[in-house]
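Notes follow the structure.
Only the coordinates and a few stated rules stand behind these numbers; no lab work does. Every value quoted in this text rests on a predicted model; they were computed, and no experiment measured them. Here the Cβ positions follow ideal geometry from the backbone for every residue, glycine too, while neighbour counts run over all protein chains shown.
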Amino acid sequence: MSVAARLGRRAIRLSSGVMDTAVLIAILLLTVLGFYAMWDSRQVFNAADAAHYEVYKPTAQNEGKSFAELQAINPEVFAWLTVYGTNIDYPVVQAQDNMRYVNTNAEGEYSLSGAIFLDYRSEKDFSDFSSILYGHHMEKQTMFGEIGLFVDEQYFDARERGMLYYNGREHGLEFFAFVHADAYDFEVFKVKIEDPGARQEYLDRLRAMAIHTRDVPVTAEDRIILLSTCSAATTNGRDILVARITDDVYEDPFTLEETDFVGNMLAVDGLPGLWARTPTWAKAIAMALPPLLLILLSLTIRNKRKKRLKR
């Protein structure tokens, strides 16, 4: 064999080895990145879970002592929201603008899940005719992720009430409309509506826009609250659950088991897929298998090349 032929074979072996090594490194990096993305996503959802705040929830038993502890951690916490039959059970905050709690949780720490927050223009004692609460639309039934489920008529009909705690006592919520609106519809996201006629026009508009309504006798003299979140249905869309605030306090008709069953039964786009119901360990194995198979295939091809070059 000539010198040129030998040098050519060495060059082929070297380039083949470099290419195989680069492919293997790329596959390993993508695998590590995939596992990190899964871990990071899980951390975000865990931080957003309502159970994280359960110890702070004001109840008749603890007389708000734990709630006071949360307020000591973050003085901008001032209320608590519960929507019966869902996992929406969170403290409520308010800042001097509507940006702070987009990426800050109720404990004042940085968090992609943010917090449930009251529009900075609204009064903290909910004395305005119309008040607006915002929250992220998140998967795994966290934050305001379940608001979109009210698009289903059966889901809406089954969940009539909730609770709003502020000024040291509980108040009732009667949900009377589910509205889909554009994020830039300033007529919907309006506060400080003083004129009785304008208030009635606002109520009529909400009912006219509503996908579902309930026969709750709301008047211009009442106080209403809008729970707003991003919609999965349209770009710049917002799903809004509207309630009347009352002085009457209603019992939660749902048990934990019933809430979990019905809550897991529906999703924004229908039943949850197989991947959504797959345990994390199984997802990890499923993600690891393709890269491992590619690595084995690459090693097999590399060995075959070496054998050919040796002939």
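List of remarks:
- Overall form of segment 191-233 per C-alpha gyration tensor (a/c, 1.5; a/b vs b/c): prolate
- Applying a threshold of 26 Å to the alpha-carbon distances of Lys140/Lys192; Lys57/Lys140; Lys57/Lys124 flags Lys140/Lys192 as lying beyond it.
- Asp248, Asp125, Asp215 arranged by Cβ crowding within 10 Å, fewest neighbours leading: Asp215, Asp248, Asp125
- Unit charges on C-beta of K, R, D, E only; dipole of segment 52-274, Debye: 420 debye
- Rounded if a/c under 1.5, otherwise prolate or oblate - segment 52-274, Cα gyration tensor axes: rounded
- Each Lys or Arg adds one and each Asp or Glu subtracts one; over the other residues with Cβ under 11 Å from the Cβ of Asp185, this totals +1.
- Sparse-neighbour loop sites [trypsin sites (Lys or Arg not before Pro); segment 141-208; at most 11 other C-beta within 10 Å; DSSP]: Lys192
- Environment charge of Asn74, counting only residues whose C-beta is closer than 10 Å and scoring Lys/Arg +1, Asp/Glu -1: -3
- If R0 equals 35 Å, the separation of the Cβ atoms of Arg205 and Asp252 corresponds to a calculated FRET efficiency of about 0.70.
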